[in-house]
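What follows is a short report on a single structure.
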Amino acid sequence: MPALPTIYLDHAATTPLDPRVLDAMLPYLGPRYGNPSSIYASAREARQALDEARDTVAAALGAQASEIVFTASGSEADTTAIVGVAFAGRPRGRHIVTSAVEHHAVLHSCEYLAQEHGFRVTYVPVARHGTVDLAALEAALDDETVLVSVMLGNNEVGTLQPIAAMARLTRARGIPLHTDAVQAVGLLAVDVGALGVDLLSLAAHKLHGPKGVGALYVRRGVRIHPLVHGGGQERGRRASTENVAGIVGLATALRLAQAERAARVARIGALRDRLVAGVLAAVPNALLTGHPTARLPHIASFILPGVESETLLLNLDFRGVAASSGSACTSGSLEPSHVLLAMGYPPELARASLRLSLGPTNTAEEVDAAVAVLREVVPLCCAA
């Protein structure tokens with residue numbers, strides 16, 4: 001993939017489209033435009049591409065093709081999992097368990113169920129490194145719990161959760177377990193059987209695929225109420241004509257990520273370690289957040305005491321470094337990170353966060369240059 005014009009250190013927000021993915025998509029944006037639900041020749045071409053993509057995604061996750069539901073995003077996959085399972089599970093009860101550090105797609109779906117449909121939501125606390133307390137999660141389960149949702153890898157600080165251990169707790173109680181694996185798929189070996197999860201969300205644009213397409217794994221036998229109504233697409237679980245080009249792009253990106261994962265992760269992990277060492281040496285009192293070892297290979301998150309994040313990001317951008325202060329979905333918010341607050345940091349530190357996230361387009365030279373820029377601009381960005 002060609003280098004980006006800036007030093008792009010926000011791969012957790014989105015990734016550049018791999019040219020090989022674009023090449024795979026182009027026929028379905030042009031001559032192979034048929035609707036896969038129709039029966040004539042061009043439609044059958046689209047149907048074949050859709051079926052092959054579903055097989056590819058299923059194989060990558062250790063699932064069956066019938067267990068894959070294509071969506072328009074990772075957020076839609078999260079919402080479908082949470083609201084869909086909650087609605088289907090109402091005869092059993094109206095209680096959901098999640099963590100305090102989830103993506104807003106999960107948190108806002110839970111809030112919707114609580115405010116509009118009378119569900120109880122238990123938010124399990126996390127330790128200082130952002131790891132969910134397993135004992136607290138087990139204690140939160142009761143006879144009315146219809147779903148547990150905990151992300152595999154945190155999108156802000158990178159901490160990995162012990163999902164397989166959680167699955168043993170939930171399976172013993174017959175409670176479905178959903179994990180948001182948007183940041184992890186493509187960088188970790190994600191197998192739904194090994195994890196023990198019943199539902200899993202992913203998004204193409206986090207692994208060098210196109211924006212506007214995601215997928216939800218739904219284990220056979222798990223009941224889910226459809227949120228989009230219309231035709232019978234996706235086995236009745238998500239109506240609307242499938243985004244064939246996007247789905248082909250998702251499958252291609254996932255196949256490439258699997259084939260190249262070992263090399264990508266080794267390289268990105270080494271760059272991340274170089275970046276962490278550089279930032280901690282360059283910025284006085286800088287703190288690395290998240291678990292020191294059980295973390296995603298591409299995310300490095302810091303607290304820079306006394307720094308105003310918004311001013312810092314603008315100064316970095318002016319000097320050609322693209323970064324963020326946390327989730328891209330809340331980058332316009334002046335509120336402190338809910339993840340850092342849940343990890344026990346006070347608001348003034350939670351507002352002084354910086355997330356740098358790497359990808360295969362980055363180089364050691366870019367990392368060193370970004371550290372040098374950070375050393376230069378941090379003194380200019382201190383709060384009054």
- Task: Collect the residues in the stretch 238-257 that are aliphatic (A, V, I, L, M) and in a loop (DSSP other than H, G, I, E, B), keeping them in residue-number order.
- Result: Ala239
- Message: Of the residues Val218, Val192, Val213, only one is under 16 Å from the mean Cα position of the chain (by Cα) and crowded, with 24+ Cβ neighbours inside 10 Å; which?
- Response: Val213
- Looking at Arg92, Arg32, which is the one that is of a type in the set (Lys, Arg), more than 28 Å from the chain's Cα centre (by Cα), over 11 Å from Val244 (Cβ atoms) and not assigned by TED's automatic domain parsing to the domain that holds Phe318? Arg92
- Message: Yes or no: the stretch 37-48 includes at least one residue that is touching a Pro at 6+ places or on another chain (Cβ under 8 Å) and either aliphatic (A, V, I, L, M) or within 17 Å of Val190 (Cβ to Cβ) (or both).
- Response: yes
- Query: Could you list, in sequence order, the residues of the stretch 30-53 that are in contact with a helix residue (DSSP H, G or I) (Cβ under 8 Å, 6 or more places away or on another chain) and of a type in the set (Asp, Glu)?
  - Reply: Asp51, Glu52
- Task: Check off (1) in contact with a His (Cβ under 7 Å, 6 or more places away or on another chain); (2) more than 20 Å from Gly232 (Cβ to Cβ); (3) surrounded by fewer than 21 Cβ atoms within 10 Å (Cβ to Cβ); (4) not aliphatic (A, V, I, L, M) for Phe87 and give me the number that stays unchecked.
- Result: (2)
- Item | Of all residues making up the stretch 50-78, the number that are out of contact with any Leu (no Cβ under 7 Å at 6 or more places or on another chain) and of a type in the set (Val, Ile, Thr) | 1
- Residues of the stretch 171-189 being closer than 24 Å to Arg255 by Cα and either surrounded by fewer than 24 Cβ atoms within 10 Å (Cβ to Cβ) or outside the structural domain of Gly93 (by TED's automatic domain parsing) (or both), in sequence order, are Leu187, Leu188, Ala189
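Return yes when Val190 is in contact (Cβ under 8 Å) with a residue 12 or more places away in the chain, over 22 Å from Glu156 (Cβ atoms) and of a type outside the set (Ser, Thr, Tyr) and no when it is not.
So Val190 does not fit the description; no.
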- Has the stretch 6-21 got any residue that is in contact (Cβ under 8 Å) with a residue 24 or more places away in the chain, part of a helix (DSSP H, G or I) and of a type in the set (Lys, Arg)? yes
- Unique match (being at pLDDT below 95, assigned by TED's automatic domain parsing to the domain that holds Arg32 and assigned to a loop (DSSP other than H, G, I, E, B)) among Gly221, Gly230: Gly230
- Only one of these conditions is not met by Glu260: (1) assigned to a loop (DSSP other than H, G, I, E, B); (2) surrounded by fewer than 23 Cβ atoms within 10 Å (Cβ to Cβ). Which number is it? (1)
- Note on the structure: Residues of the stretch 125-170 being surrounded by fewer than 19 Cβ atoms within 10 Å (Cβ to Cβ) and either in contact with a Lys or Arg (Cβ under 7 Å, 6 or more places away or on another chain) or among the basic types (Lys, Arg) (or both), in sequence order, are Arg128, Leu141, Glu144, Arg168
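The values are calculated or read from the model by the stated rules, or taken from the named source; none is laboratory data. These figures come from a predicted structure and were not determined experimentally. Positions of Cβ are backbone-derived with ideal geometry, glycine not excepted, and every protein chain shown enters the neighbour counts.
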